[in-house]
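Notes to accompany the following structure.
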Amino acid sequence: MYKLAFFVPVGEAEPVKEAVFATGAGRIGDYEACCFQTRGLGQFRPLDGANPHIGHVGDLERVAELKVELVCRDDLIHDAVAALKAAHPYEEPAYEVWRLENI
């Protein structure tokens, strides 16, 4: 089992979550589309060569984002990350993957 966490602009979170859930990620027992969301403020500065979805090259940008956390079966994690990357509006989405122990 893995835990997947990603950061996404608030207004664009639902389609990204749905893409990840469509892979089978976010299932716990007899429940699907399970996740926890925390609202926060992300920041970044696009460098030369970037094609930012929000902001401009060289300018510091701050964006209201959600951190979305969910669990994912071992056999689905690569598909879940691929779906996240494909659906996310940023060219370089921030995400984390941790292996979980079953105790």
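The values are calculated or read from the model by the stated rules, or taken from the named source; none is laboratory data. Every value quoted in this text rests on a predicted model; they were computed, and no experiment measured them. Glycine also receives a Cβ, built like all others from the backbone with ideal geometry; neighbour counts cover every protein chain displayed.
Structure above, values below:
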quantity	calculated
Single residue of 66, 70, 76 found to be among the hydrophobic types (A, V, I, L, M, F, W, C), touching a residue at least 24 places away in the same chain (Cβ under 8 Å), within 13 Å of residue 21 (Cα to Cα) and assigned to a strand (DSSP E or B)	70
Odd one out for residue 102, checked against (1) at pLDDT 95 or above; (2) under 16 Å from residue 4 (Cα atoms)	(1)
Filter result for the condition that a residue is surrounded by fewer than 14 Cβ atoms within 10 Å (Cβ to Cβ) and either within 21 Å of residue 83 (Cβ to Cβ) or basic (Lys, Arg) (or both), over 14, 65	14
Residue match in the stretch 78-88 (condition: over 13 Å from residue 13 (Cα atoms), charged (D, E, K, R) and surrounded by 15 or more Cβ atoms within 10 Å (Cβ to Cβ))	yes
Residue list for the stretch 79-103, filter: of a type in the set (A, V, I, L, M, F, W, C) and either part of a loop (DSSP other than H, G, I, E, B) or under 21 Å from residue 22 (Cβ atoms) (or both)	80, 81, 82, 83, 84, 86, 87, 94, 97, 100, 103
